[in-house]
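J.: Quick one: structure below, then a few questions.
The values are calculated or read from the model by the stated rules, or taken from the named source; none is laboratory data. Remember, predicted model here, so these are calculated numbers, not experimental data. Backbone-built Cβ (ideal geometry, glycine too); neighbour counts: all protein chains shown. SASA here: full protein model, heavy atoms, side chains in, ligands and nucleic acids out. Shrake-Rupley method; radii C 1.70, N 1.55, O 1.52, S 1.80 Å.
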Amino acid sequence: MENQEFEKMLEKYADVVVKVGLNLRKGQKLSIRAIIEDAPFIRKVTESAYKAGAKYVDVLWVDERLTRIRFEHADPESLTETPNWIYSRFEEHYQNGEAELAVASSDPDLLFGITPELIARERKARAQKFEPLRKYANVSNWCVVATASPAWARKVFPGISTDEAQSKLWDAIFNACRIDLLDPVQEWKNHASKLAKYKDYLSVKHYDALHYLAPGTDLTVGLPDKHLWQGAEASFKNGITCTVNIPTEEVFTLPHKDRVDGIVTATRPLNLSGTMIEDFSLTFENGRAVKVTAKKGGEDFRKLIDTDENACRLGEAALVPNSSPISQRGHLFYNTLFDENASCHLAVGNAYRDTLENGIDMTDEEFQSQGGNKSLIHTDFMIGSEHMDIDGIQRDGTREPIMRKGEWAFEV
Ligand code: ZN
Ligand code: ZN
């Protein structure tokens with residue numbers, strides 16, 4: 001792509017992030033968390049945000065190489081330290097109902113070779129530190145996007161120069177995020193209303209459980225009585241509706257934390273903050289993952305679901321047809337934001353409050369008593385394929401097809 005053409009695409013992408021992803025309101029402040037490699041894109045977003053009337057754009061820059069250096073050289077006992085000002089920065093931002101953008105372009109191999117114990121210790125301490133911020137989750141508009149950072153691009157497209165790899169990854173991002181279409185903002189409106197039809201159909205069906213069947217998978221996922229399906233657009237207490245993930249192809253709800261039974265096999269590797277988990281299966285009993293087998297990274301995954309008492313239970317069940325544009329690209333992204341939109345997935349850990357009727361205003365105890373899971377973690381893993389069949393099971397035991405061979409089995 002010529003330089004000028006690329007700049008134009010970057011601007012279109014920034015506009016989609018500000019108008020669709022954040023739906024930034026005039027006079028709102030925007031808080032951004034990005035790695036330093038994201039800078040060219042963040043400058044475009046900042047420009048677009050001010051043009052849209054942002055009052056102030058505040059960027060928290062992260063050099064992720066420093067994270068690795070810390071793991072390699074810092075006293076292991078000190079890995080639990082997080083400065084208070086970072087916590088306060090987020091809290092002030094949520095209390096003021098500001099918009100928030102996170103950029104997920106990390107090096108998939110950032111923590112390769114680091115002892116799983118150290119990673120788990122740091123992750124848990126950080127999650128505990130920021131846990132009180134969870135109560136602000138539905139307060140104001142936020143969005144997660146990605147840029148083609150050099151390390152990530154090299155991982156997705158190995159064996160070519162970094163420049164070439166970045167250019168290929170940018171093309172993939174622009175394509176997956178509909179930036180290469182004539183009017184991306186309108187395209188996103190159409191896409192969101194299509195996904196809304198699927199989530200409405202499923203919410204009305206009010207299934208008691210989902211049954212997943214595929215090679216290596218025979219899993220029943222009970223759904224709480226008051227579950228809701230969500231997708232694409234989310235609404236926040238500050239009155240703004242926006243698209244929190246760009247790209248997004250999923251509709252999702254929450255599993256009942258105590259009613260998951262059977263075995264499920266992942267169909268794509270999982271990049272767990274810089275380490276890869278590959279060819280893994282989980283066995284569930286009464287909602288708990290009681291067994292993990294993996295060709296690679298099993299110990300890392302076991303550590304993850306050991307983070308707290310409910311980290312071994314499910315917090316999300318998401319449906320994505322195998323024909324999704326991201327899936328059809330046929331390669332892995334090693335990045336959950338993209339890979340989760342190529343495949344039906346589940347998440348271990350915390351459930352989203354807005355997937356339960358009135359869940360946003362419930363106490364933790366109320367949410368949990370209705371089947372919602374509460375945990376410090378939320379980690380998606382991919383289970384879909386062209387071989388997957390999913391049934392919806394009604395309370396009386398009647399079964400209806402939801403997906404056949406990885407595709408929707410109903411019309412909306
Ligand atoms: Zn999801
Ligand atoms: Zn998720």
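J.: Does anything in the range 58-97 have its amide N under 17 Å from the 7 Å Cα→Cβ label point of residue 135, and if so which residues?
T.: 87-97
J.: Now for a different question. For the range 1-99, just run the numbers: alpha carbon Rg, then divide by 2.2 N^0.38 Å, N being how many residues it has.
T.: Working: Rg = 16.6 Å, N = 99, 2.2 N^0.38 = 12.6 Å.
This ratio for the range 1-99 stands at 1.32.
J.: How do 91, 64, 2, 164 rank by accessible surface area computed with a 1.4 Å probe, from largest to smallest?
T.: Accessible-area ranking of 91, 64, 2, 164, largest first: 2, 164, 91, 64.
J.: So which chymotrypsin sites (Phe, Trp or Tyr not before Pro) in the range 208-278 end up in coil per DSSP with only 14 or fewer other C-beta atoms within 10 Å?
T.: Of the chymotrypsin sites (Phe, Trp or Tyr not before Pro), not one in the loops of the range 208-278 has a Cβ with at most 14 other Cβ atoms within 10 Å.
J.: So, one more: With only alpha-carbon atoms counted, please give the Rg and Dmax of the chain, in Å.
T.: Radius of gyration, then largest Cα-Cα span, for the chain: 20.5, 61 Å.
J.: Excluding residue 409 itself, what net charge comes from residues whose Cβ is under 10 Å from its Cβ, given Lys and Arg +1 and Asp and Glu -1?
T.: Every neighbour counted, the sum reads -3.
J.: For the range 215-220, in order, what is each residue's ³J(HN,Hα) by Karplus, 6.51 cos²θ - 1.76 cosθ + 1.60 with θ = phi - 60°, in whole Hz (x at glycine and Pro)?
T.: With the stated coefficients, the range 215-220 comes to x, x, 10, 8, 10, 10 Hz.
J.: For the chain, give me the percentage of DSSP beta bridges that are antiparallel, rounded to the nearest 5 percent.
T.: Numbers: 54 of 70 bridges.
Roughly 75 percent of the beta bridges in the chain run antiparallel, per DSSP.
J.: Could you work out [θ]222 nm for the chain from helices alone, using -39500 (n - 2.57) per DSSP H run of at least four and dividing by all its residues? Round to the nearest 500 deg cm²/dmol. Kindly include the intermediate steps, with their values, before the conclusion.
T.: On the way: 12 runs with 129 residues, N = 412.
Value at 222 nm, helices only: -9500 deg cm²/dmol.
J.: On full extension of the chain, what length is gained from residue 181 through residue 378, given 0.36 nm per residue of separation minus the C-alpha to C-alpha distance? Please report the intermediate quantities before stating the final value.
T.: Details: separation 197, 0.36 × 197 = 70.92 nm, distance 3.25 nm.
Contour length minus the Cα-Cα distance gives 67.7 nm.
J.: Sticking with this one: Any chance you could check the Cα centroid distance between the range 327-379 and the range 220-298 for me, in angstrom?
T.: Taking the Cα centre of each part, the range 327-379 and the range 220-298 sit 5 Å apart.
J.: Multiply the residue separation of residue 162 and residue 235 by 0.36 nm, subtract the distance between their alpha-carbon atoms, and state the gained length in nm to one decimal.
T.: The span from residue 162 to residue 235 would gain 22.4 nm if fully extended.
J.: For labels at residue 366 and residue 87 in the simple 7 Å Cα→Cβ model, what's the distance in nm?
T.: Placing both labels 7 Å beyond Cα along the Cβ direction yields 2.6 nm.
J.: Return the equivalent ellipsoid semi-axes of the range 281-351 as a descending list in whole Å, where each equals the square root of 5 times an eigenvalue of the C-alpha gyration tensor.
T.: 25, 14, 11
J.: Separate question: Exposed loop trypsin sites (Lys or Arg not before Pro) only (DSSP loop, at most 16 other Cβ atoms within 10 Å): please give the longest stretch of the chain free of them, not including the sites.
T.: 56-225
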